[in-house]
Amino acid sequence: FFGYVLPWGQMSFWAATVITNLLTAVPYIGTTLTTWLWGGFSINDPTLTRFFALHFILPFAIISMSSIHIMLLHTEGSSNPLGTNSDIDKIPFHPYHSYKDMLMLTILITTMFIIMSFTPNLFNDPENFSKANPLVTPQHIKPEWYFLFAYGILRSIPNKLGGTMALVLSVAILLTAPFTHTSHMRSMMFRPMAQLMFWTFVATFMTITWTATKPVEPPFTMIGQVASLLYFSFFITNPLLGLLE
């Protein structure tokens, strides 16, 4: 998101406006927080400077978390479809996995270089080629595809505070999944109801993403609200289902 704002085109400016304005929904201190983040009474040069600093600093935090993840993966080992202990099947990381990782990394970097060299504007929004103008609002503001599900949940609730809370919870609730796993079996291979619930969750996720690309009008608003309700209900029914299977 911070990198998306830096080109300072129309979509960059209005994306920053929409997201930062969500802070105003916080009771009592929302307006103060928004003004502090902006560095003034509107989005301007100080805002862009702060977003650039965050865009530079946050990758180091992500690298730290990724390093911890890889360390734990090497220590504990990865899961397997059967959900059984895989200690007896462990093999050295090098050369078996390191070569595979190097191959995929090479393919990824090569693909990125091809896109940057020959089609750098492949994934850019046409609106973002226009210079940021606070007096002209784009007709249909929508985030990039990887933020669509959260945006769909946000706009499915007409209340601003409720929508903001749902947006934050839609991401935060994903972190609770490992702690609410109640089944004795780690894998879903022998749990048909859990498999059904999982694929229903995937379909719900895709439906929310689809509705977020549509205008805010019936029937898309109703579909988005029902799908958002199903999204959160998964995290309630999944622990209960684990006790039964």
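The values are calculated or read from the model by the stated rules, or taken from the named source; none is laboratory data. The structure displayed is predicted, hence computed values, not measured ones. Every residue, glycine as well, gets a Cβ built from its backbone with ideal geometry; the counts of neighbours run over all protein chains shown.
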Subject >> Which listed residue is under 24 Å from Arg186 (Cα atoms), within 22 Å of the chain's Cα centre (by Cα), modelled with pLDDT of 85 or more and surrounded by 10 or more Cβ atoms within 10 Å (Cβ to Cβ), from Ser12, Ser66 >> reply: Ser66
Subject >> From Thr176, Thr207, Thr221, residue being β-branched (Val, Ile, Thr) and closer than 24 Å to Ala25 by Cα >> reply: Thr221
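Matching residues to (1) at pLDDT 90 or above; (2) in contact with a strand residue (DSSP E or B) (Cβ under 8 Å, 6 or more places away or on another chain); (3) assigned by the TED database to the domain that holds Asp45; (4) within 28 Å of Thr20 (Cβ to Cβ):
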residue	(1), (2), (3), (4)
Lys160	no, no, no, yes
Ser170	yes, no, no, yes
Arg191	no, no, no, no
Ala227	yes, no, no, yes
Phe234	yes, no, no, no
Subject >> Qualifying positions in the range 163-201 - closer than 12 Å to Pro239 by Cα and in a loop (DSSP other than H, G, I, E, B) >> reply: His181, Thr182, Ser183, His184
Subject >> In the range 138-157, the residues that are farther than 18 Å from Phe2 by Cα, in contact (Cβ under 8 Å) with a residue 12 or more places away in the chain and surrounded by fewer than 12 Cβ atoms within 10 Å (Cβ to Cβ) >> reply: His140
Subject >> Extreme residue, farthest from Trp8 (Cα to Cα), among residues of the range 96-134 that are under 22 Å from the mean Cα position of the chain (by Cα) and loosely packed, with under 10 Cβ neighbours inside 10 Å >> reply: Leu122
**OP:** Taking the residues in the range 80-121 that are within 30 Å of His184 (Cβ to Cβ) and in a helix (DSSP H, G or I) as candidates, determine which candidate is modelled with the lowest pLDDT.
**Re:** Asp87
